[in-house]
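Colleague: Please read through the structure below; I'll follow up with questions.
Every number here is computed from the coordinates shown, using simple stated rules; none is lab data. As the structure is a computational prediction, the values presented were derived from the model and not from experiment. Don't worry about glycine lacking a Cβ; one is built from the backbone with ideal geometry, like all the others, and counts go over all protein chains shown.
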Amino acid sequence: MPPSTPEGQIALLRGRIDRMDAELAALLERRALVAAQVQRLKPVGYFAGRDMGRERALVERMARHAPRLGPDRIAAIMDSVISAGLAAAEEEATHDPGAADPRA
């Protein structure tokens, strides 16, 4: 499809979205790995140790970089990201002796 047609433009734009999605997935993986390290070091980690003040500050900072989404949508996105990362870290600590919680 020639890029001058609507279908061609859609294909080009979707290709850009696909590349951004791949970058986003890699960033989410890196974030989850670093967050898991933090959780293992905290005196109270995982879901019980969530720092809602820190999360609110994070949302405010991110909303300044993503004004189109705004704080409410960023909050929902980051709640999902944080919850998924905590669940993965908790699961790893439970099932992987190499990633065991040092507080256990």
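Colleague: Rounded to the nearest 0.05, what FRET efficiency do R50 and H95 have when you use their Cβ-Cβ distance and R0 = 25 Å? Mind dumping the intermediate values first?
Modeller: Numbers: r = 21 Å, r/R0 = 0.86.
After rounding to 0.05, the efficiency reads 0.70.
Colleague: Using a simple spin-label model with points 7 Å from Cα along the Cα→Cβ vector, what separation in nm is obtained for L58 and A26?
Modeller: About 2.2 nm separates the two model spin labels.
Colleague: From Cα pairs below 8 angstrom and at least 6 apart in sequence, can you work out the relative contact order of region 6-99, rounded to a whole percent?
Modeller: Details: 40 pairs, mean separation 31.4, N = 94.
RCO, region 6-99: 33 percent.
Colleague: Follow-up. Please label the shape of region 6-99 as rounded, prolate or oblate, based on the square roots a ≥ b ≥ c of the eigenvalues of the alpha-carbon gyration tensor (a/c under 1.5 means rounded; beyond that, a/b larger than b/c means prolate, else oblate).
Modeller: oblate
Colleague: Under the 0.36 nm per residue contour assumption, what length would be gained going from the current alpha-carbon distance of L13 and S83 to full extension? Kindly include the intermediate steps, with their values, before the conclusion.
Modeller: Values: separation 70, 0.36 × 70 = 25.20 nm, distance 3.02 nm.
Between L13 and S83, full extension yields 22.2 nm more.
Colleague: Could you give the angle, 0 to 90 degrees to the nearest 10, between helix 52-65's Cα long axis and the longest principal axis of the Cα atoms of the chain?
Modeller: Approximately 20 degrees, to the nearest ten.
Colleague: In addition: Expressed as a whole number of Å, what is the distance separating the alpha-carbon centroids of region 39-60 and region 1-30?
Modeller: 33
Colleague: Further, regarding this structure: How big is the dipole moment of the chain about its Cα centre under a simple scheme where the beta carbon of each Lys and Arg is +1, that of each Asp and Glu is -1, and everything else is neutral? Debye, nearest 20, please.
Modeller: Values: 15 positive and 15 negative charges, 96 e Å.
Dipole of the chain, to the nearest 20 debye: 460 debye.
Colleague: How tilted is helix 70-95 with respect to the longest principal axis of the chain? Cα atoms for both, answer in degrees (0 to 90, nearest 10).
Modeller: Once rounded, one gets 50 degrees.
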